[in-house]
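The values are calculated or read from the model by the stated rules, or taken from the named source; none is laboratory data. Model, not experiment: these values are computed from the prediction. Here Cβ is always computed from backbone atoms with ideal geometry, including for glycine, and neighbour counts include all displayed protein chains. Quick note on the areas: whole protein, heavy atoms, side chains included, nothing else; ligands and nucleic acids left out. Shrake-Rupley method; radii C 1.70, N 1.55, O 1.52, S 1.80 Å.
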Amino acid sequence: MKYIYDLGSIPQDKMNRVGGKARSLSHMLTDMKLNVPEGYVIICDAFKEGEILAEAASELDCLLPSIDPAFTYAVRSSAINEDGENASFAGQYETITDVDIKNIPGAVKKVISSKDVARVKGYTESFGEEDQGIAVVIQRFVKPQFAGVLFTSDPLTGRNDKMVGNYVRGEGEKLVSGAENAEVFGIDSIKYRYEGNAEFSKYSKSLWKSCRKIRLSYGVPMDIEWAVSESKVYILQSRPITTLRRLDSSTYRVNGSMSGYKLLTRTNVGEIFMKPVSPMTFSVLEKINDVLGLPDWLDNICGQPYMNISVMCSAFVAFGKTEEKAYESLKDLVGNVPEGTHIPISPFDKKTFLKKVKTLVFPKEKSKLTKKQKLQMVEDLADISRGLIEEIKLIGSSKELYAYWNNRLQPYLNDGLSSIMAASGTAMVPLFMTRGKITKIAGEEMSNRLCGGCVGILDSMKPLLLIEDVIAGTLSKEEYIRICGHRSADEMELMAPRPYEDPTFPGNLIEEHKASGMNLHKMQENEHRKFEEALAEFKEKYPSKATWIDKELKNFAHANDFREEIRSKGVVIFSVFREYIRKSGDLCGTGDDIFYLSYTEMFDLLQGKRNSLEYIPARKATYADYLKYPSFPNVILGRFEPDKWMEDENRRSDFFCEDMERSDISSTSDVKGFPGAAGQVTGTVRVIESIDEIDQVQQGDILVTTATNIGWTLVFPKVSAVVTDIGAPLSHAAIVAREFGIPAVVGCGNATTVLKTGDVVTVDGSRGTVTRQ
């Protein structure tokens, strides 16, 4: 067995035996081509009970004559759990520098024995870690003029706009051990600018370039040790900043606000995911971030997904836009943020982003379908998916199921994604342009009347409208299930059952609708008539724009229909993956506990690797805790600690900023948002925190809630108006309310905080205001 490897050529199957430090050094040497002193690593299997094995000692003796005698060497620990996200072990193990070749074996023995000293044992226990073994790094020693540490983000506040560091003259061990006071310095992260002692200025730009490269490569804030020797900057090691930890994957403790200073919003994602997501769904969202090359774009706090405005704005800034124009470009997508809020910008890896986009658009495994076939696949996507679900149900072994993923399901998903992208083209551009064009000509109210009434029957409205067809006998129950059986409030949560899985579906919906006595088709026809009146009014006032408005509205209606259709078919694809996951649980003996694993752990399980099963109890307990939390604030700036927020009796659900005292945050008793659907109505407020409370809604209530999605559609005909914290003119609440002629104000931020059940208010959907009477 081989025990010693060059840092620049560690085999992949040995990476888990070399420890965190050696693994990081190897990555920086081979993948990043940074200026890292060369060296070797003795893997942890070479040591037993504090002693080096005879075979490993012999291999070391054979290596020493080939090492350059012109240099001395540093001998350092590289424990398996060292320099990781959980704990750094900085300064805990022995480090011996400036070692002659003949003294290397003795230095190795001394480093190994340091793992048994009291301070290391105490440190290990305090972090709940176990002794997983220790490797040893032998690295060329650079005699430093300066040595120090640089944090790519502020380790106390998480701010990403400035790198902060300190250094000493001479060896860095004096700094790590605290033996000498250090010089403090800072370097702006986005554009180079040095602040600190002039003696170090000429080396700072080289250090900045290397550290910026490390930060972008690892994708998390980093703690980097470095040295300057003979006027050259060397990187000695790098590790995640443990105080800025986003995720503990073993327990599913996740809080994206703790990993950097950023602006997060629930707009859009809060409508899709109305409850905390399971570990399985979380792992899929993480994969989406990776595929798009947008780190933590879909972020998460205690299971509740957020959209990371900072990373999107950082991308725009990296490609040349100002911070202000970057936000303006995203406003329709991310909604409003409180006036005066500064959006934190971080370094952004353009190269990796462009590479990811290129891979997405031009994948290595290209779809073999022609353009015509792709368009047809989009048309047939739902039926194809249902066929796959039936195939999955018939699979009888883990081995067969794993092969099915590689040979059948993954190629289908690749073709499906490629087909959707081919069909999309510029189809959805009118969603973001039409309303503004009409507003410039005829004003916002006319724009809302025209855009709100032209869209027709969208997929999100079908579960409600088609029930009437089932009752009338013009649509069979089987066809209703085929069209709507996959749609629900939690349709993007892989753990959530689909309506079609319930053998009594849709019987309960039929009975409820019969009892209501409503005629939804008639309501929809009334709204369409109002649209025709608005269109005639527009054409009469602007006759030269008659042809133009017909074309614009046709494109706008098509874009809305296409968006809803793609969303519906995307849910069907998710349903296929859910069936695959459920089948994995059945075949591997975990049942629904499979949803507490990640999708990669599921694939490992199918191949007989069962190590991840030990995480299930802790993740299950964590997820149960997450379900007890209310919805967190719509907009969060900086570090957010849910338990502290919960203890605050005056907490706000619209906006949280860690840097502001309560008196600094402009609070108001007014409720104002986006005009969602035209109309004015006065009525009684009913605040509903989740869809589980939907039975409390009475006929004529003004529904006030955090957000709505397709699962809430059934309650719309019952209410006189809808008011939401989260949303924008293109959100579910706005679209469905417009079609049924229900006034709506969306994206208010503070509606569920300011308004209480029983309040009498006037909702003006044209102006986007809610006024207490």
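Among the residues making up region 578-597, those that are open to solvent by 20 Å² or more (accessible area, probe 1.4 Å) and either touching a residue at least 12 places away in the same chain (Cβ under 8 Å) or more than 23 Å from Leu388 (Cβ to Cβ) (or both) are Arg582, Lys583, Leu587, Gly589, Thr590, Asp592, Asp593, Tyr596. For region 321-349, how many residues meet the condition of being open to solvent by less than 90 Å² (accessible area, probe 1.4 Å) and either in a loop (DSSP other than H, G, I, E, B) or at pLDDT 90 or above (or both)? Qualifying residue count for the region: 15. Look at region 621-637: where a residue is hydroxyl-bearing (Ser, Thr, Tyr) and a partner is modelled with pLDDT under 95 and not in a helix (DSSP H, G or I), sitting 6+ places away or on another chain with Cβ atoms under 7 Å, you get Ser631/Ser653; Ser631/Thr706.
Okay, residues lined up against (1) within 43 Å of the chain's Cα centre (by Cα); (2) of a type in the set (S, T, N, Q); (3) modelled with pLDDT under 95:
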site	(1), (2), (3)
Met1	yes, no, yes
His27	yes, no, no
Leu34	yes, no, no
Ile42	yes, no, no
Glu51	no, no, yes
Pro69	no, no, yes
Ala79	yes, no, yes
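Which residue is most open to solvent (accessible area, probe 1.4 Å), if the candidates are limited to region 48-66 and must be in contact (Cβ under 8 Å) with a residue 12 or more places away in the chain and small (Gly, Ala, Ser)? The qualifying residue most open to solvent (accessible area, probe 1.4 Å) is Ala57. For region 296-311, the criterion of being without any contact (Cβ under 8 Å) to a residue 60 or more places away in the chain, among the polar types (S, T, N, Q), within 20 Å of Gly727 (Cα to Cα) and surrounded by fewer than 17 Cβ atoms within 10 Å (Cβ to Cβ) is met by none of the residues. In the condition set (1) open to solvent by less than 70 Å² (accessible area, probe 1.4 Å); (2) closer than 24 Å to Ile483 by Cα; (3) at pLDDT 95 or above, Ser397 is compliant with all but (2). Based on what the data block shows, is Thr668 open to solvent by 50 Å² or more (accessible area, probe 1.4 Å) and at pLDDT 95 or above? Here the answer is no, as Thr668 does not meet what is asked. For region 1-47, taking the residues that are buried (at least 17 other Cβ atoms within 10 Å of the Cβ) and hydroxyl-bearing (Ser, Thr, Tyr), the one that is farthest from Ser206 (Cα to Cα) is identified as Tyr3. Could you say whether any residue in region 81-103 is touching an Asp or Glu at 6+ places or on another chain (Cβ under 7 Å), small (Gly, Ala, Ser) and modelled with pLDDT of 75 or more? No: zero hits.
Against the definition (surrounded by fewer than 17 Cβ atoms within 10 Å (Cβ to Cβ), in a strand (DSSP E or B), in contact with a Ser or Thr (Cβ under 9 Å, 6 or more places away or on another chain) and not hydroxyl-bearing (Ser, Thr, Tyr)), how does Val681 come out, yes or no? For Val681, the condition - surrounded by fewer than 17 Cβ atoms within 10 Å (Cβ to Cβ), in a strand (DSSP E or B), in contact with a Ser or Thr (Cβ under 9 Å, 6 or more places away or on another chain) and not hydroxyl-bearing (Ser, Thr, Tyr) - is met. Selection within region 369-403: residues that are of a type in the set (Lys, Arg) and touching a residue at least 40 places away in the same chain (Cβ under 8 Å). The member of this set that is farthest from Ile420 (Cα to Cα) is Lys399. Screening region 728-773 for residues that are aliphatic (A, V, I, L, M) and assigned to a strand (DSSP E or B) and picking the one that is surrounded by the fewest Cβ atoms within 10 Å (Cβ to Cβ) gives Val760. If you go through region 157-171 and keep only what is open to solvent by 30 Å² or more (accessible area, probe 1.4 Å), under 15 Å from Val220 (Cα atoms) and part of a loop (DSSP other than H, G, I, E, B), you end up with Thr157, Arg159, Asp161. Restricted to region 611-629, and to residues that are in contact with a helix residue (DSSP H, G or I) (Cβ under 8 Å, 6 or more places away or on another chain) and either modelled with pLDDT of 95 or more or outside any helix (DSSP H, G or I) (or both), which residue is nearest to Thr341 (Cα to Cα)? Among residues in region 611-629 that are in contact with a helix residue (DSSP H, G or I) (Cβ under 8 Å, 6 or more places away or on another chain) and either modelled with pLDDT of 95 or more or outside any helix (DSSP H, G or I) (or both), the one nearest to Thr341 (Cα to Cα) is Tyr629.
Looking across region 228-275, the residues that are in contact with a Leu (Cβ under 6 Å, 6 or more places away or on another chain) and either of a type outside the set (A, V, I, L, M, F, W, C) or open to solvent by 10 Å² or more (accessible area, probe 1.4 Å) (or both) come down to Val233, Ser259. All of (1) surrounded by fewer than 17 Cβ atoms within 10 Å (Cβ to Cβ); (2) outside any helix (DSSP H, G or I); (3) at pLDDT below 90; (4) not aromatic (Phe, Trp, Tyr) hold for Asp695 with one exception: (2).
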